[in-house]
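Notes follow the structure.
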Amino acid sequence: MALAVTERELQRLLSEYPFTSIYGFQLHAIADGQCTLDVPFQTAFERPGGLVSGPVFMAAADVAMWLALLTRLGPADGSVTVEMKTNFLSAAKQEDFRCSAKILKLGKRLVYGVAECVSTEGTLLTHHTLTYFRPDSSQQPDAPQSAGKPRKPGRPS
């Protein structure tokens with residue numbers, strides 16, 4: 001099955017968007033519904049005690065899952081994270097790590113997946129479960145709102 005996005009397109013997303021570029025994520029590998037990122041250590045990642053802070057692992061997992069989703073749905077997809085559960089299993093101290101994400105189920109409205117961050121020696125650092133919401137075109141942020149009667153919150157137009 002051909003991927004819906006190229007490695008070049010994903011690397012461009014990593015480098016052009018501020019919410020991804022600040023981390024310095026590097027694309028390591030992609031496959032159908034999968035993405036692996038290399039996360040080079042930065043001193044800005046440290047929390048007191050010299051450990052890599054939790055939000056860095058969570059950002060890596062979320063971005064890796066987003067890119068894994070784009071391998072199936074293409075770069076124009078507007079899916080967003082609605083839930084993430086993170087388990088911190090081991091600490092990383094002033095070191096690079098790798099984060100791999102995989103889609104487990106791609107539904108019409110929800111996408112379920114997992115991600116794991118591991119040290120360069122292969123120690124499992126974190127385990128994440130993620131859920132993404134797939135809006136239809138009428139719910140995309142760019143879509144014009146229909147004129148007329150205002151809709152009730154929580155109800156589709």
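Residues that are open to solvent by 50 Å² or more (accessible area, probe 1.4 Å) and closer than 23 Å to Val111 by Cβ: which strands (runs of 3 or more DSSP E) entirely in region 1-96 hold 2 or more of them? Explain how you work it out, then say what you get.
Numbers: elements: 26-31, 34-39, 80-88.
It comes to 80-88.
Of the residues Arg72, Arg98, only one is of a type in the set (D, E, K, R), farther than 17 Å from Thr123 by Cβ and more than 11 Å from the chain's Cα centre (by Cα); which?
Working: Arg98 fails: farther than 17 Å from Thr123 by Cβ.
Testing whether each residue is of a type in the set (D, E, K, R), farther than 17 Å from Thr123 by Cβ and more than 11 Å from the chain's Cα centre (by Cα) leaves just Arg72.
Keeping to region 34-57, report how many residues are in contact with a strand residue (DSSP E or B) (Cβ under 6 Å, 6 or more places away or on another chain) and at pLDDT below 95.
1
Mind counting the residues in region 121-157 that are surrounded by 10 or more Cβ atoms within 10 Å (Cβ to Cβ) and at pLDDT 95 or above?
Within region 121-157, residues that are surrounded by 10 or more Cβ atoms within 10 Å (Cβ to Cβ) and at pLDDT 95 or above number 12.
Considering only residues that are touching a residue at least 12 places away in the same chain (Cβ under 8 Å), open to solvent by 50 Å² or more (accessible area, probe 1.4 Å) and part of a strand (DSSP E or B), which ones fall in region 101-112?
Lys102, Leu106, Leu110, Tyr112
Has region 70-89 got any residue that is without any contact (Cβ under 8 Å) to a residue 24 or more places away in the chain and not charged (D, E, K, R)?
As a first pass, look at region 70-89 and keep what is without any contact (Cβ under 8 Å) to a residue 24 or more places away in the chain: 76.
Of the ones still in play, those that are also not charged (D, E, K, R) are 76.
Within region 70-89, one or more residues are without any contact (Cβ under 8 Å) to a residue 24 or more places away in the chain and not charged (D, E, K, R).
The values are calculated or read from the model by the stated rules, or taken from the named source; none is laboratory data. In this text the structure is predicted, and so the values were computed from the model without any measurement. Cβ atoms come from the backbone with ideal geometry, glycine included; neighbour counts cover every protein chain shown. Areas reflect the complete protein model, heavy atoms only, side chains present, ligands, DNA and RNA absent. Shrake-Rupley method; radii C 1.70, N 1.55, O 1.52, S 1.80 Å.
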